[in-house]
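Structure first, then comments.
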Amino acid sequence: MSSLFNLLLRAPSLILILLLLLCVLLPTPVSSEHTSNWAVLVSTSRFWFNYRHLANVLSLYRTVKRLGIPDSQIILMLPDDMACNPRNAFPGTVYSNADRAVDLYGDNIEVDYRGYEVTVENFLRLLTDRLDEDVPRSKRLGSDAGSNVLVYMTGHGGDQFLKFQDAEEIGAWDLADAFGQMWEKKRYHELLFMIDTCQANTMYTHFYSPNIVATGSSALDQSSYSHHADNDIGVAVIDRWTYYVLEFLESQVTSTNSKLTLGDLFDSYDEAKIHSQPGVRWDLFPGGEQEGRLRTLVDFFGNVQNIEVENANASDPGSLKEDLLEIARLVEKWRVRDQEYLLATRNDTSDMADHLSEPAKVSYNAHKDTVQVTRMVKETPWEKRALGASALLACAAAWFAGSILGQPSA
Amino acid sequence: MPIGPPFTPDYRKGQLTAIRKLRKNPRVLFVRLPYILSLVCIVAGIAWLLLLPLDEYSRRTYISENALLPGQVHAYFSGSEQHVFRGYKQELEGLIPGEDQEKGVSKADAQFTSEVSNKVQSILSAAGLKVATQAYEYTSSGITHQGENTYAIIRAPRGDATEAIVLVAAWRTADDELNLNGVTLALTLARYFKRWSLWSKDIIFLFPPDSKTGTQAWIDAYHDMQPASVQPLPLKSGALQGGVAMEYPFDHRFESLHISYDGVNGQLPNLDLFNTAVSIASGQMGIGANLQEMWNHNDSYEMRLQTMLRGMVKQGFGYATGAHSSFMPYHIDAITLKTKGEGWQDEMALGRTVEGLCRSLNNLLEHLHQSFFFYLLMQTNRFVSIGTYLPSAMLIAGNFTIMAIALWMRTGFDMDTQSGPTAVSTSAPKEKTSSSSEARSSKEKESATPSPEPSGIMERQLALPLTLVGGLHLLGLVPLYVFNNLSYKVSPIPQVQQLNSMTFLSISNKQQHYTMATYICIAANAILPTLLAAVLSSLGFTTPKPQQYLLIKSFSLLLLGLFLSTLATLNFSLSFMIGLLCAPLTFVSRLNPQTTSVGLRYALSTIGLLVLNLLSPPVVLLGLCWYTGVSVEHVLTQAAFGWDVWGMWTQVVVWCVWWPAWISGCALLGFSLF
């Protein structure tokens, strides 16, 4: 390290030194670094009597927006339009509480996938970014290796499947493979998976890619229940698990400065209230439960971006440190070449055969040649000036002679 | 000669001889076993039915269709709407002639006059509904039923006009009472519903003048299936998803709601609709619900059984039990809510129940299909489904088929060549035609004689049995035609009978064509089989051979078994009842003159004929009328009306399935006399 450092100190590039200084002088905490937050919020059921599933998703949509994730980074999938259903006693609104204090449909909502666009295929293509070029940005999950992704799903499910609309379902393996592919394609840094459906915990049993924390509303063979119904709308408006998760998020996580952690949220689960056994899966997370519990909620629900560009100590291919080392290596190589060239020109005894055997050096030398100043023409400037002056004198003499000779005789 | 390989090993030879012995002496297989099996089937079928009300065999009802969400909405029909109700009621009451003892006019007899119709129309128009009328006329048994339906449509403000719900308030209830409160309530609801914006389906308010003809005419015309005497509808909506009829035939407060659900021909509405009504009435509104006129149901076995049997009787007879019944043939689920008793529930409570039901139906995304269409209810929250009850009727129908197949096989074997080919009447219940002692004696005789016949195969002579059985079934069309087309003549000029036949019947029961026809039918039934037997026996070339007696019985029972098992899937109760009434036919056959002494033969067949005559269709009808206290005239007028207007098929089953089988059985006994 020190030799490299010394080497670089001697290097002429000031920028390089500055960059390296930046790396060395900022030894930040290891793994909570992410550069963007994305949320994928999916309701999978349509029809009026499933009003609560859309209300679930819209409630969460509202929460993540409140904590700063912009619409451009939220993918909202709603298979039905409850607000405009003729059965809706309050046209144009969706509420998730019988007090109807907050209209979730409001005037600022961006649904990215709606109606029959909400399919298993579209969902998997969205996650893995296997979409046509002409698919607009609003329908793409633009996450990268630095993105924390929140995936929330709700609908009607069973043992290791979740029904989409009325026609198809996504299996636990499909979902696990999609997340696996996302990891391979560097589409997330950390991922929080939440699901509220019957037998929800079976949906994350097959996950295998790292950095995932998963939580669900109910264990195998358990139903997920709705929380309460609105007697004027005439349907249940929210599910129990989502209701209590939201209650925690809304009452405790009041700003992006909140230091509450995933552990706090999961500890707030009360089976007596939820009426089913919520589950959490930590084992895919580096450091397991201990590390995972320390993640703050705003890491996933908020839009907290650390100022540092990248993780300085990471040694993965593509990380900044790796790049800098590579640049340093290149700089050293060029310096060595430069020195060799200098020696060669000074001695002037270098062999032509040597040059031919090293085409890189040839091109290098040729490049040097072109840089040298060369004389374009042979004549000297004085000759040209004399010629010009004599031409001017000749003209002046001709004009003078003409004016004397051509004077009218008067 | 036994057919087989020339060199048969000894042990195979032994087996073959055993089988051959059984084939040579198949008496056990063909003669005794079928009777035992048939008897077991009948007993098991009845026992099965009696088990159904037990907790282990019936189930609690539940809502299958997620979309219905019964009782989840708050019903706002109350308060000021009650003033509107009173206002409308006063307007309508002003048009009804008051009580006048001298003229014999009673308020309860008020008809749906054109003034009332105009008032109803003006109220509906004022509430902003589209109104239309439809005149119709039906003629049955020489009685003309005519009237005019009034109806109005609320277009769903935000829905597409592809679906609709019907609310029916007939001016006169199914029991022919004045339904003034029901009609007023419907008018109030129309005004109230019009102001909601949450309807996804159109709502149609139908005001027929009575519960028998009006809805039938309307629903036929709605589907363009009306006869020429019924006007087409000027105003229509989308596919009907459900119907609710309201009956409130008195002025005091009520205690509970009676839910009728039986449709024409025993068709039932989807169980979800009934469950929703029960759930909203008792669960949300706190109004008790009753069914099948069981007012004091204590959920005991006896009460459950009684409820179930009442439901089965209604289903079996297949007549319309209310304004809702006419909807069923078009696969539109409908029920009637009728107020009952004296309690503290007012018309607003009924209105809220109907509002809740409409909100539930409004939630539907597709036609009711999740729950059962074939069920027997034994309590408002207890039922058995078709899978559980069907074996009962199937076992009874199966007993005829078993006997028919056994007889067919038996006619192919020449079992006792020594004593001559003969049909042996065998054991039957003692009160039936042949006594078991007689059978035993004949059996002893058989066992005493060895059977050295060579081949054991007989040729069946089918012409006579087929002609006879086929002819008898065709002959059933005669009473069917006569009973459906008999004119209920009172005066030479067919009187235009405005609305109800019940009061009509009570006024003039002097000329009883139907009663007369019934007695004639009984007499004909008594004579016809014996006459048939006498004629066939006396004409030399038609005298049946002993084998043919068995074949007649076989074909007759085969058809009966086929018809009844098919019918069991469509109308379980009718199949079960006819199966029970026909059960003795399995056990009657011609008494063998060679094995039975003349005196015993005459005595037994006469007793048998008497017993069977007690179970003939017209005698059963008379017996039922006597038991229930309803006049035969009324029942048969209703039946003819059902045939002409509702498309009721019960008579066809009686005259073309039951009656031919009965005649065949009697004729077989009659042959013993000759």
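The values are calculated or read from the model by the stated rules, or taken from the named source; none is laboratory data. Source: prediction; values computed, not measured. So basically every Cβ, Gly included, is an ideal-geometry build from the backbone, and we count neighbours across all protein chains shown.
Within region A:149-166, is there a residue that is more than 22 Å from A:S218 (Cβ to Cβ) and not in a strand (DSSP E or B)? Give the steps one after another, and end with the answer.
Restricting attention to region A:149-166, the residues satisfying the condition of being more than 22 Å from A:S218 (Cβ to Cβ) are A:149.
Add one more test, that the residue is not in a strand (DSSP E or B), and what stays is none.
Looking for residues that are more than 22 Å from A:S218 (Cβ to Cβ) and not in a strand (DSSP E or B), one finds none in region A:149-166, hence no.
In region B:313-358, which residues are of a type in the set (A, V, I, L, M) and not in a strand (DSSP E or B)? Lay out the reasoning, then the answer.
Of the residues in region B:313-358, the ones of a type in the set (A, V, I, L, M) are B:313, B:320, B:323, B:328, B:332, B:334-335, B:337, B:348-350, B:354, B:357.
Correct list: B:V313, B:A320, B:A323, B:M328, B:I332, B:M348, B:A349, B:L350, B:V354, B:L357.
Applying the selection to region A:66-82, what residues are in contact (Cβ under 8 Å) with a residue 12 or more places away in the chain, surrounded by fewer than 20 Cβ atoms within 10 Å (Cβ to Cβ) and over 17 Å from the mean Cα position of the chain (by Cα)?
A:D81
Within region B:184-228, how many residues are away from chain A (no Cβ under 14 Å) and touching a helix residue (DSSP H, G or I) at 6+ places or on another chain (Cβ under 7 Å)? Show your work before the answer.
Narrowing region B:184-228 to residues away from chain A (no Cβ under 14 Å): B:184-192, B:194, B:204-228.
Those still in the list that are touching a helix residue (DSSP H, G or I) at 6+ places or on another chain (Cβ under 7 Å) too: B:184-185, B:187-192, B:205-208, B:213, B:215-216, B:219, B:223, B:226.
The qualifying residues number 18.
Can you tell me which residue among B:S197, B:S256, B:S260 is assigned by TED's automatic domain parsing to the domain that holds B:G316, polar (S, T, N, Q) and farther than 30 Å from B:T61 by Cβ? Working first, answer last.
Values: B:S256 fails: farther than 30 Å from B:T61 by Cβ; B:S260 fails: farther than 30 Å from B:T61 by Cβ.
The unique qualifying residue is B:S197.
Condition first: assigned to a loop (DSSP other than H, G, I, E, B), in contact with an Asp or Glu (Cβ under 8 Å, 6 or more places away or on another chain) and either within 14 Å of another protein chain (Cβ to nearest Cβ) or aliphatic (A, V, I, L, M) (or both). Now tell me which residues in region A:193-224 satisfy that.
Answer for region A:193-224, where residues must be assigned to a loop (DSSP other than H, G, I, E, B), in contact with an Asp or Glu (Cβ under 8 Å, 6 or more places away or on another chain) and either within 14 Å of another protein chain (Cβ to nearest Cβ) or aliphatic (A, V, I, L, M) (or both): just A:L220.
Go through region A:243-278 and report how many residues are among the β-branched types (V, I, T) and more than 21 Å from A:N303 (Cβ to Cβ).
Residues in region A:243-278 being among the β-branched types (V, I, T) and more than 21 Å from A:N303 (Cβ to Cβ): 1 in total.
A:Q181 passes all but one of (1) touching a strand residue (DSSP E or B) at 6+ places or on another chain (Cβ under 9 Å); (2) in a helix (DSSP H, G or I); (3) not basic (K, R); which number fails?
It fails just one condition, (1).
Can you find, within region A:303-348, the residue that is farthest from the chain's Cα centre (by Cα) among those that are modelled with pLDDT of 70 or more and under 18 Å from A:N148 (Cα atoms)? Talk me through it step by step, then tell me what you get.
First, pick out the residues of region A:303-348 that are modelled with pLDDT of 70 or more: A:303-304, A:319-347.
Keeping just the survivors that are under 18 Å from A:N148 (Cα atoms) gives A:303-304, A:319.
Details: A:N303: 12, A:V304: 13, A:S319: 15 Å.
Step by step, filter region A:303-348, then rank; the result is A:S319.
Go through (1) assigned to a loop (DSSP other than H, G, I, E, B); (2) under 25 Å from the mean Cα position of the chain (by Cα) for B:I259 and report which single condition fails.
(1)
Output the residue which, of all residues in region A:42-93 that are of a type in the set (D, E, K, R) and in contact with a Lys or Arg (Cβ under 9 Å, 6 or more places away or on another chain), is farthest from the other protein chains (Cβ to nearest Cβ). Full working, then the answer.
Here is the first cut: in region A:42-93, the residues of a type in the set (D, E, K, R) are A:46, A:52, A:62, A:65-66, A:71, A:80-81, A:87.
So of that shortlist, the ones also in contact with a Lys or Arg (Cβ under 9 Å, 6 or more places away or on another chain) come out as A:71, A:80-81, A:87.
Details: A:D71: 28, A:D80: 11, A:D81: 12, A:R87: 5 Å.
Among residues in region A:42-93 that are of a type in the set (D, E, K, R) and in contact with a Lys or Arg (Cβ under 9 Å, 6 or more places away or on another chain), the one farthest from the other protein chains (Cβ to nearest Cβ) is A:D71.
Mind listing whichever residues of region A:45-65 are of a type in the set (K, R) and over 14 Å from A:E247 (Cα atoms)? Full working, then the answer.
As a first pass, look at region A:45-65 and keep what is of a type in the set (K, R): A:46, A:52, A:62, A:65.
The answer is A:R46, A:R52, A:K65.
Going through region B:181-234 one residue at a time, which ones are within 19 Å of B:T321 (Cβ to Cβ) and not in a loop (DSSP other than H, G, I, E, B)? Spell out the reasoning first.
Looking only at region B:181-234, we keep the residues that are within 19 Å of B:T321 (Cβ to Cβ), and these are B:182, B:206, B:208-220.
Of everything in region B:181-234, those that are within 19 Å of B:T321 (Cβ to Cβ) and not in a loop (DSSP other than H, G, I, E, B) turn out to be B:G182, B:L206, B:G214, B:T215, B:Q216, B:A217, B:W218, B:I219, B:D220.
Residue check: is A:H228 within 14 Å of chain B (Cβ to nearest Cβ) and farther than 21 Å from A:P79 by Cβ? Give the derivation first.
Working: within 14 Å of chain B (Cβ to nearest Cβ): yes; farther than 21 Å from A:P79 by Cβ: yes.
Here the answer is yes, as A:H228 does meet what is asked.
Take the conditions more than 14 Å from chain B (Cβ to nearest Cβ) and farther than 22 Å from A:I233 by Cβ and apply them to A:N148. Does it pass? Before the answer, list the steps.
Working: more than 14 Å from chain B (Cβ to nearest Cβ): yes; farther than 22 Å from A:I233 by Cβ: yes.
So A:N148 fits the description; yes.
Starting from region B:66-79, keep only residues that are under 16 Å from B:V278 (Cα atoms) and more than 7 Å from chain A (Cβ to nearest Cβ), then list their pairs with residues that are in a loop (DSSP other than H, G, I, E, B) and not hydrophobic (A, V, I, L, M, F, W, C) whose Cβ atoms are within a distance under 7 Å, requiring at least 6 positions of separation or different chains.
If the second residue must be in a loop (DSSP other than H, G, I, E, B) and not hydrophobic (A, V, I, L, M, F, W, C), no pairs are left.
Go through region B:128-175 residue by residue and tally those that are part of a loop (DSSP other than H, G, I, E, B) and touching a Ser or Thr at 6+ places or on another chain (Cβ under 7 Å). Break it down stepwise before answering.
Pass one, region B:128-175, residues part of a loop (DSSP other than H, G, I, E, B): B:128-129, B:141-142, B:155-162, B:169-171, B:173-175.
Filter again for touching a Ser or Thr at 6+ places or on another chain (Cβ under 7 Å), leaving B:141-142, B:156-159, B:161, B:170, B:173-174.
Here the count works out to 10.
Would you kindly identify the helices (runs of 4 or more DSSP H) lying entirely within region B:380-483 that contain at least 2 residues that are in contact with a Pro (Cβ under 7 Å, 6 or more places away or on another chain) and at pLDDT 50 or above?
Numbers: elements: B:386-411, B:436-448, B:463-475.
Filter on region B:380-483 gives B:386-411, B:463-475.
Checking the structure you have, find out if any residue of region A:95-116 is within 14 Å of chain B (Cβ to nearest Cβ), at pLDDT 90 or above and either under 32 Å from the mean Cα position of the chain (by Cα) or surrounded by 14 or more Cβ atoms within 10 Å (Cβ to Cβ) (or both).
Yes, region A:95-116 contains a residue that is within 14 Å of chain B (Cβ to nearest Cβ), at pLDDT 90 or above and either under 32 Å from the mean Cα position of the chain (by Cα) or surrounded by 14 or more Cβ atoms within 10 Å (Cβ to Cβ) (or both).
Among residues belonging to region B:153-164 that are of a type in the set (A, V, I, L, M, F, W, C) and within 21 Å of B:A126 (Cα to Cα), point out the one that is nearest to the other protein chains (Cβ to nearest Cβ). Before you say what the answer is, go through the steps one by one.
So the first thing to find is which residues in region B:153-164 are of a type in the set (A, V, I, L, M, F, W, C), and the list is B:153-154, B:156, B:161, B:164.
Next cut, within 21 Å of B:A126 (Cα to Cα) only: B:153-154, B:156.
Working: B:I153: 16, B:I154: 13, B:A156: 6 Å.
Among those residues, the one meeting the criterion is B:A156.
So, B:E115, is that one closer than 30 Å to B:F483 by Cα, surrounded by fewer than 19 Cβ atoms within 10 Å (Cβ to Cβ) and more than 14 Å from chain A (Cβ to nearest Cβ) or not? First the steps, then the outcome.
Details: closer than 30 Å to B:F483 by Cα: no; surrounded by fewer than 19 Cβ atoms within 10 Å (Cβ to Cβ): yes; more than 14 Å from chain A (Cβ to nearest Cβ): yes.
So B:E115 does not fit the description; no.
Determine if region A:278-287 includes at least one residue that is at pLDDT below 90, in a helix (DSSP H, G or I) and small (G, A, S).
Looking for residues that are at pLDDT below 90, in a helix (DSSP H, G or I) and small (G, A, S), one finds none in region A:278-287, hence no.
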